[in-house]
Amino acid sequence: MNTTAKGAYQIEVFEDGQLIEDTGEFDNLITDLALAEGDPFNTGMLCIGTGTTPPLITDVSLEEEIAAKSCTFNTTATITTKGNSRYAKRSVTSSFNGVSGNISEVGFRGGNLNAVRSRSLISDGNGVTTIIPVKPEQTIKISYFVYILIPDVMATGTVTTPYGSSAFTIKSHSDIHSPAGIFAGRFNNPFAGYSLRAILENDSYVESTVFNWVYDAGARTAAATVNFLATDEGNRVVHRFQSSIDTNNLPIIELETPLINPLNSDISFTLTFSWNRA
C-alpha cells in the first residue's frame with residue numbers, strides 16, 4: 001500500500017507593508033534525505049540561498065545558504081483537488097528580515113546545514129527560474145506546501161484462511177475531511193497512534209491487543225503486526241477493519257465476504273505501507 005508526496009514553495013516580498021513580489025506556487029524537489037524519514041514534514045528550517053545549480057535528489061544542502069528560520073508544520077491537513085486526484089495539504093510559513101542579496105534558491109531542512117529535505121530554484125508565475133534581489137529593509141515571506149496523495153484505493157488482494165477467503169480493499173473513506181496518519185504525511189505512523197478494530201456483526205467490535213509499527217528508512221516502509229486475542233465465547237464474524245478513533249480520516253480495510261474467526265483462535269496479520277515522491 002503506498003502513497004506519494006510532492007511540494008511547492010511560494011515567496012512573497014514586502015516593503016513598507018506593501019506586497020511588491022509574489023512568485024505564486026512553484027514546484028520543489030523532495031530529496032533522498034526526506035525519503036529516509038518517517039515524518040519529514042514536521043519541524044525543521046526554511047532556508048534561502050544564492051545558489052543557481054539545479055536541484056538533485058541527492059542534494060543534502062542548499063548550494064549557498066544565507067539565512068534560515070525554524071518552523072513547524074500545521075498539524076491539521078485540509079483536502080484539496082488537483083486534476084482528478086485528492087490531496088491532503090499542509091503548510092509552514094516563516095518571514096525573514098534584514099536579509100540582503102540575490103535570492104535564487106529555497107529549501108526545507110533539519111537542524112543542520114546538511115539535512116535538506118526539499119530544495120528548489122525560485123521560479124516566477126510562468127515557471128521560469130528567476131532571481132529576487134532583496135534589501136535589508138524588506139521582508140521575505142516563504143510558504144512551503146506539502147501535498148500527500150489520498151488514493152481512493154491503496155491496495156487490493158485476497159486473504160485466505162482455513163475457514164474461508166475474501167477479497168479485501170484498503171482505501172480512504174468517502175467522507176474523509178481532515179486527513180491524518182499516512183494521509184497527512186506521517187509515514188511512520190499510518191494510523192496516527194490509534195489501535196485497530198475488527199468490526200463484527202451489528203457493528204460490535206474487537207480492539208487489537210497489538211498494533212506496533214516499525215519504520216524501515218532504507219525501504220521507506222512502515223510495517224505493523226496486528227493481533228486480536230482469541231475468545232472462548234464462540235465464533236466471530238469479521239466484516240471490516242478500521243481505526244479505533246477518527247475512522248473517516250484514516251485507512252479502512254473492507255472485506256468483500258465476511259471472515260469467520262473460530263473460537264479460541266487469534267486474528268493476526270501484517271500491514272505494510274510505503275511512500276515516495278510524486
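Values quoted throughout were computed directly from the atomic coordinates according to the rules given, and no laboratory measurement underlies them. Bear in mind that the values here come from a model prediction, so they are computed numbers and not experimental data. Using ideal geometry, Cβ is built from the backbone for each residue, glycine included, and neighbour counts are taken over all protein chains shown.
In the chain, a dipole from Cβ-located charges (positive for Lys and Arg, negative for Asp and Glu) runs towards its positive end, and of Ser143, Ala77, Val106 it is Ala77 whose Cα lies farthest in that direction. Partners of Lys141 within straight-line reach, counting lysines whose Cα lies under 28 Å from its Cα and excluding those fewer than 8 residues away in the same chain: Lys6, Lys69, Lys82, Lys89. One equal scatterer on each Cα of segment 10-160, no solvent, Debye formula: the resulting log10 I(q)/I(0) at q = 0.09, 0.12, 0.18 Å⁻¹ is -0.31, -0.52, -1.10.
Quick check on the chain: take the gyration tensor over C-alpha atoms, sort the square-rooted eigenvalues as a ≥ b ≥ c, and tell me if it's rounded (a/c under 1.5), prolate or oblate. It is prolate, given that a/c is not under 1.5 and a/b is the larger ratio. In summary, the aspartates and glutamates within cross-link reach of Lys171, defined as a Cα separation below 12 angstrom excluding same-chain residues under 8 places away, comprise Asp152, Glu254.
Within 10 Å, at most 13 other Cβ atoms, and a DSSP state outside H, G, I, E, B define an exposed site. Report the longest part of the chain free of exposed GluC sites (Glu not before Pro). Value returned for the longest uninterrupted segment is 1-136. Placing +1 on the Cβ of every Lys and Arg and -1 on the Cβ of every Asp and Glu, with nothing else charged, gives the chain a dipole about its Cα centre of roughly 220 debye. Is segment 1-88 best put as rounded, prolate or oblate by its Cα gyration tensor, with a ≥ b ≥ c the root eigenvalues, rounded for a/c under 1.5, and otherwise prolate when a/b is larger than b/c, oblate when not? Note, shape of segment 1-88 comes out oblate.
Charging the Cβ of each Asp and Glu at -1 and of each Lys and Arg at +1, and nothing else, the dipole of segment 98-205 about its Cα centre rounds to 400 debye. Calculated mean residue ellipticity, 222 nm, the chain: 0 deg cm²/dmol, from DSSP H runs (n ≥ 4) at -39500 (n - 2.57) each, averaged per residue and rounded to 500.
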